[in-house]
Structures are given as C-alpha cells and as structure tokens.
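To keep things clear, I will list the structure first and then write my remarks on it.
The values are calculated or read from the model by the stated rules, or taken from the named source; none is laboratory data. Since the model is a prediction, treat every value here as computed from it, not as a measurement. So basically every Cβ, Gly included, is an ideal-geometry build from the backbone, and we count neighbours across all protein chains shown. All accessible areas refer to the heavy atoms of the entire protein, side chains included, with ligands and DNA or RNA removed. Shrake-Rupley method; radii C 1.70, N 1.55, O 1.52, S 1.80 Å.
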Amino acid sequence: MDGRRADRVLNPAFVEWMQGVEPGCVTNVPGISRSAALRILGNGVVPQQVSAALPWLLAALAEPAGEAA
C-alpha cells in the first residue's frame, strides 16, 4: 500500500491480523476510511491483553482489602 508521496503506509488489515482481531472486523465496514480504521484499531483492546489481564484482575478483586501483592 503506497501513500501520496509513494511512501509505504500501514495497512489496517495488517493491524487487524497483528492484534488477533477477526479479519474484516474493522476493515470491511462500508464507508470507513483507512485513517479511521487505523484510529479504531489503535484505540481498541487487543483480545490477548484481555485474556491475560482479566484473570489477574479478578484474583486481585477477590482478595480482601489491604492484602494485594
């Protein structure tokens, strides 16, 4: 994918793949521009981060106050 000055630019489909998001989840939305897709992907939560953080968070919330490690 080339930019206006023939520079290489980031492809939103590549970002979807890197983040582990379902292919086309953002890039196949009708009427969304490349920059909007990148903004949406950049502001999103990566599913792998959630799967790593959620068990830790739930365990921390289950501990009585003042005993967090």
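Can you tell me which residue is modelled with the lowest pLDDT among those in segment 1-30 that are among the aliphatic types (A, V, I, L, M) and in a loop (DSSP other than H, G, I, E, B)? Only one residue tops the list, namely 1. With respect to residue 63, determine if the residue is of a type in the set (D, E, K, R) and open to solvent by less than 50 Å² (accessible area, probe 1.4 Å). So residue 63 fails the test. So in segment 26-51, with the set limited to residues that are in contact (Cβ under 8 Å) with a residue 12 or more places away in the chain and touching a Pro at 6+ places or on another chain (Cβ under 9 Å), which one is farthest from residue 13 (Cα to Cα)? Filtering segment 26-51 for residues that are in contact (Cβ under 8 Å) with a residue 12 or more places away in the chain and touching a Pro at 6+ places or on another chain (Cβ under 9 Å), the one farthest from residue 13 (Cα to Cα) comes out as 40. Filtered by the rule that a residue be assigned to a helix (DSSP H, G or I) and among the hydrophobic types (A, V, I, L, M, F, W, C), segment 31-40 gives 36, 37, 38, 40.
Of the candidates 43, 28, the single residue that is within 11 Å of the chain's Cα centre (by Cα) and open to solvent by 100 Å² or more (accessible area, probe 1.4 Å) is 43.
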